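A short worksheet on the structure shown next.
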Amino acid sequence: MRLFFSVMFLLICIEISAQSCDTNIVLFHLNQLVGESNDFRVYTNVERLDESAEYIHSQFSFYADTVWYQRFFVNGRSYCNVLCSFGIQNRERIIVGAHYDVCGDQPGADDNASGTTALLELSRMLKGKNLNHRIDLVAYTLEEPPFFRTQGMGSFKHVQYLVENNVPVLGMVCIEMIGYFDERKRTQTYPIGLMKLFYGSRADYIAVVQKTGNGAFGRRFKRFFKSVCEIECKSVKAPAWVSGIDFSDHLNYWAAGFSAVMITDTSFYRNDNYHKATDTILTLDIAKMAKVIDGVFGTITRK
């Protein structure tokens, strides 16, 4: 039934411009992903994860050149990443990824239904776009504990596939929590206190995070994203040992030698709902989230 209503909604929205993010569609996807209470996208709830994967696959199928599941087993259970591609005539590709699982029994609206929703909107916006590079959108599972930093992560499985098949990757963009903003003073914290002198105390910006020595793709992405994103964007570049720098799926791409960046609202450094039952849709700023998605779209499709 949920899939039926999603199809009907998107047919109604068919006239919406594909070149900009639509807040109504964003909110619709968030509601579909977060779902009902007490039915969470946690690794022990394989049925709910599979339902989420099916929903993502169905949305990708409306727009992409190709769509497929990457299935794998962890601890005797079957899980899957969901992937789609645009511009498949091009050899070199950009990976844009976000995880759809949650940590424990909580809704995970910001972490990371917000990132997964970005993938779904990007798929709509990319349909029919003339691209210089192939773009692969990847929705990962098992980013959260107890699998974080293990070979059970969905992003580890995807990187393994890329390496084994010698896939030429220009760079990777990890979308990790992009919906929480607060314009009040003293709402933003940092792993190193002195950072507040440079980045300020208001949680009102989006961050492009990368490690030192990240390569040309990271530098170009940051520069162009900051020029097109309609909300304030700040660049964070630091050694990988700084807490939070590698706290998502991009860490596996770094480990394989790929240039990768993380787009984030800085997670628990501003959002006190992180990994809690209070991480709900009502806490998100949908309008600013849509502008972040527009910024990613404008950057990965630049000529």
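Only the coordinates and a few stated rules stand behind these numbers; no lab work does. On a predicted model such as this, the values are computed, not experimentally measured, just so you know. Cβ atoms come from the backbone with ideal geometry, glycine included; neighbour counts cover every protein chain shown.
Some notes on this structure:
- Simple spin-label estimate for residue 287 and residue 185 in nanometres, 7 Å along Cα-Cβ: 2.4
- Each of 74, 53, 42 was placed along the dipole of the range 22-87 (beta-carbon charges, centred on the mean Cα), and the one lying farthest toward the positive end is 74.
- A crude spin-label estimate for the pair residue 201 and residue 71, with each label 7 Å from Cα along the Cβ direction, gives 5.4 nm.
- R0 of 22 Å, Cβ-Cβ distance residue 45-residue 23: FRET efficiency to nearest 0.05: 0.15
- Global form of the range 248-303, assessed from the alpha-carbon gyration tensor, a/c cut-off 1.5: oblate
- Neighbour counts of other Cβ atoms within 10 Å put 274, 161 in the fewest-to-most order 161, 274.
- Whether the range 163-210 is rounded, prolate or oblate, judged on the alpha carbon gyration tensor where a/c under 1.5 counts as rounded: prolate
- Percent of C-alpha pairs per 10 Å bin, the range 152-248, short to long: 12, 40, 34, 12, 2
- Helix-only [θ]222 nm of the chain, DSSP H runs n ≥ 4, -39500 (n - 2.57) each, per residue, nearest 500: -10500 deg cm²/dmol
- Antiparallel bridges, percent of DSSP beta bridges restricted to the chain (to nearest 5): 45
- Residue exposure sequence - 294, 22, 279, 136 - by fewest surrounding Cβ within 10 Å: 22, 294, 136, 279
- Neighbour counts of C-beta atoms inside 10 Å place 147, 86 in the sequence 147, 86, starting with the fewest.
- Positive end of the dipole of the range 185-236 (Cβ unit charges, origin at the Cα centre): among 227, 216, 187, the Cα lying farthest that way belongs to 216.
- Unit Cα scatterers, Debye sum, the chain: log10 I(q)/I(0) for q = 0.07, 0.08, 0.16 Å⁻¹: -0.23, -0.30, -1.40
- Dipole magnitude for the chain: about 1320 debye, using +1 per Lys or Arg Cβ and -1 per Asp or Glu Cβ, origin at the Cα centre.
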